Amino acid sequence: MVDLNKDVKYVKTVGPNRVKLLNKLKIYTLKDLITYYPRDYEDRSKPKNLYECTDGEEVLIEAMAAGKMSEMHKGKMTISKLTVKDQTGTCYITWFNQGYLRDKFQPGRMYRFFGKISIKGGRFEMNSPVYDEIDQSKNTGKIIPIYPLTYELKQSTLRRIIENGLAEVKGQLPETLPEYILRENNLWDINHTIERIHFPIEFSDFNKARERLVFEELLTMQLALLKLKNNYENDKNGIQFSKDVHMSDVINKLPFKLTKAQLRVLEEIDRDMESNKPMNRLLQGDVGSGKTVVAMIAAYKAVKSGYQAAIMAPTAILASQHLESFQGILNEFGIRCELLISSITKKKKTEILEKLQNGEIDILIGTHAILEENVVFKNLGLVITDEQHRFGVKQRSTIASKAQNPDVIAMSATPIPRTLALILYGDLDISIIDELPPNRKKIETFAVRKSMEERVNAFIRKQIDEGRQAYIVCPLVEENEEMELKSVIELAEKYQKETFSNYKVAYLHGKMKAKEKDEIMQRFKDGEIQILIATTVIEVGVNVPNASIMVVENAERFGLAQLHQLRGRVGRGEWQSYCILKYEGNGETVRQRMKVMCDTNDGFIISEKDLELRGSGDFFGTEQHGLPEFKIANLFEDIGILKKVQAIAVKIMEDDPLLEKEKNIKLNELVKEKFSSRIEI
């Protein structure tokens, strides 16, 4: 039996240096290696005659070396040139700094070359192609997988390592799906699938292999969520909050009117709270739609029914902001709110923990500090997590375990198209606040090129001179926190010393200690800082009503949903607010994405468009919904398979809710393997 958990360092040709590089790609075991799927493929299987080639095309040619290779030196650079011919023309091939190729090509022999053709004045040229002798197919003559890489690891090296890994498991992988699922859905077996996803002979092979893997990934997720939901629904030991406590008591005293959407959602929550089933509800609403006040009214009902409520926010400053809001409205009802964050003194913390345990605190608002073991409630009845995707399923269940089946509301300002939300949050009921309060001004959004920089800077100065403040968000640097850090600090220095030397500029990034971040945000909130340069750490909800301008550098590197979240940091006061997206690149997709941002402020429309234009890979961060990251499925492209799988999952669970029948043992193992470390299943 093949050992899929064996360390990848024991795979042929890996060695100690390559192990480190593979680990960077999260490849630790033989299983990780063979399930590290290609991101793309190059068709190097079908040769073309030179006269059929077009300028700029990546192509495979079969041609004869017309003479010996020539070599010249330019400074430290070696330039090697080879002339090759097929029956339709001549091509001039150049390599740089690859002196070892000198004796590789024999005049009169045939070779295959794959690379980009350029045609200059009727002359065919190719730079640094990959090549093979005509009777070999190491680099050409087939469909070649292209993998996501890390610095210092070459495609050819990773391909060879994966080939070696596949050779070890050939024909020996244990099947992961039940026979009846494979048969009824016309799916390939696992051994054939894994071989062909890496090295398809035809593109149709890749499609069949991918279909099988996507099917398995989505089916596992759906079964896990349905299993969770079954656990909730069969549980009739929830808290029944009092029917005599009316939410309208608070609603009628609010200094503003609630929207129809807020009232509808409160009805759903009220119904849940009065039933004997534990509530597990996702409350979705766009930035500024008024989720906090809904949470506050639910907490009021819990407290007046004799229970405590816990509100968990992802950052200390956001938790402090919630405390202000809650106290502002609930103080007059005699409800005692308290704040628990890591920066409070030890003495204060001890006092809070005592009061909490003996019931002198009704509502505890805090960060993940609430999850600590020594935080004990007297009678916790309602748990509300804000920015749900930052906690994930596991943390929700940790806080819920501090009580006997409390009601749980998970709030999120990350709009997800409803169809997807129903699928991703299959374990939760969903409420959506889909209208904004009438007094919210539309944030004017403009997408501009780098060439407009001076005009943008002049506009920022004008706004600050009028007493406003500005956010400037630095570009994302893929997989490289060091570079991201560097770009923030460099930009801050340039702005402090040159561009905005007359103003108070500060910067903020993810590597700072929580205390330092909170201090800077507080100073910005208090108006001591006029321009705040930051990475996306600011996307989660701090309220600075005086900030009226948001500039996003290299906006093309962000997802639309994320840009929308960032834009929501402004437009929170009485002033007209602006979002300026600086972007580079001429691609049609980039232009379309910028247009969407300028045309609409509706987060749900934006999220639909985001999925459509760039797929779901980046749409959900790993912890976005507390579920494992998809290795191959793409929720937008694969919506067809997803719907099919959902129906199958429902049918399976109706027949076998605990997945304990003989025929479903493999499915149960899959669900446990993927999910048990994250959620109680």
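For this structure, a couple of remarks:
- Candidates V477, V448, filtered to the one that is surrounded by fewer than 19 Cβ atoms within 10 Å (Cβ to Cβ), of a type in the set (A, V, I, L, M, F, W, C), at pLDDT below 90 and under 23 Å from N586 (Cα atoms): V477
- Exactly one residue among E574, E556 is charged (D, E, K, R), surrounded by fewer than 24 Cβ atoms within 10 Å (Cβ to Cβ), in contact with a helix residue (DSSP H, G or I) (Cβ under 6 Å, 6 or more places away or on another chain) and in contact (Cβ under 8 Å) with a residue 24 or more places away in the chain, and that residue is E556.
- The set of residues in the stretch 336-351 being buried (at least 19 other Cβ atoms within 10 Å of the Cβ) and over 20 Å from M296 (Cα atoms) is empty.
Every residue, every condition in (1) free of Cβ contacts under 8 Å to residues at least 12 places away in the same chain; (2) in a helix (DSSP H, G or I); (3) surrounded by fewer than 14 Cβ atoms within 10 Å (Cβ to Cβ), yes or no:
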{"residue": "R183", "(1), (2), (3)": "yes, yes, yes"}
{"residue": "S204", "(1), (2), (3)": "yes, yes, yes"}
{"residue": "M221", "(1), (2), (3)": "no, yes, no"}
{"residue": "L228", "(1), (2), (3)": "no, yes, no"}
{"residue": "S242", "(1), (2), (3)": "no, no, no"}
{"residue": "L254", "(1), (2), (3)": "no, no, yes"}
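- In this entry, I194 is excluded by the filter for residues that are closer than 25 Å to E662 by Cβ and part of a helix (DSSP H, G or I).
- Restricting E217, E268, E211 to residues that are part of a helix (DSSP H, G or I), surrounded by 14 or more Cβ atoms within 10 Å (Cβ to Cβ) and in contact with a helix residue (DSSP H, G or I) (Cβ under 8 Å, 6 or more places away or on another chain) narrows the list to E211.
Residue-wise test of (1) farther than 14 Å from S128 by Cα; (2) assigned to a strand (DSSP E or B); (3) at pLDDT 90 or above.
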{"position": "I79", "(1), (2), (3)": "no, yes, yes"}
{"position": "T83", "(1), (2), (3)": "no, yes, yes"}
{"position": "I93", "(1), (2), (3)": "no, yes, yes"}
{"position": "Y100", "(1), (2), (3)": "no, no, no"}
{"position": "D103", "(1), (2), (3)": "yes, no, no"}
{"position": "G108", "(1), (2), (3)": "yes, no, yes"}
{"position": "R112", "(1), (2), (3)": "no, yes, yes"}
{"position": "G115", "(1), (2), (3)": "no, yes, yes"}
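- Among the residues here, K402 does not qualify as surrounded by fewer than 20 Cβ atoms within 10 Å (Cβ to Cβ), part of a loop (DSSP other than H, G, I, E, B), out of contact with any Leu (no Cβ under 7 Å at 6 or more places or on another chain) and modelled with pLDDT of 70 or more.
- Residue list for the stretch 5-60, restricted to those being in a loop (DSSP other than H, G, I, E, B), closer than 25 Å to I201 by Cα and not hydroxyl-bearing (S, T, Y): V11, K12, P38, R39, R44, K46, P47, K48, N49, C53, E57
- When E175 is tested against (1) in contact with a His (Cβ under 7 Å, 6 or more places away or on another chain); (2) part of a loop (DSSP other than H, G, I, E, B), just one condition goes unmet, and that condition is (1).
- Residue count, the stretch 111-155 (criterion: under 16 Å from L101 (Cβ atoms), among the aliphatic types (A, V, I, L, M) and surrounded by 20 or more Cβ atoms within 10 Å (Cβ to Cβ)): 1
- Among the candidates M72, M77, M64, residue that is among the aliphatic types (A, V, I, L, M), touching a residue at least 40 places away in the same chain (Cβ under 8 Å) and either out of contact with any Gly (no Cβ under 6 Å at 6 or more places or on another chain) or over 26 Å from G121 (Cα atoms) (or both): M64
- Residue ranges of strands (runs of 3 or more DSSP E) in the stretch 272-390 with at least 1 members within 26 Å of L228 (Cβ to Cβ): 280-285, 308-312, 363-366, 380-385
Listed here are the residues, each with its yes/no results for (1) acidic (D, E); (2) crowded, with 17+ Cβ neighbours inside 10 Å.
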site	(1), (2)
V14	no, yes
I34	no, yes
K46	no, no
I61	no, yes
K68	no, no
M77	no, no
D86	yes, yes
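- Some residue of the stretch 288-298 being without any contact (Cβ under 8 Å) to a residue 12 or more places away in the chain and over 29 Å from the mean Cα position of the chain (by Cα): no
The values are calculated or read from the model by the stated rules, or taken from the named source; none is laboratory data. Predicted model only: the values in this text are computed from it and were never measured. Here Cβ is always computed from backbone atoms with ideal geometry, including for glycine, and neighbour counts include all displayed protein chains.
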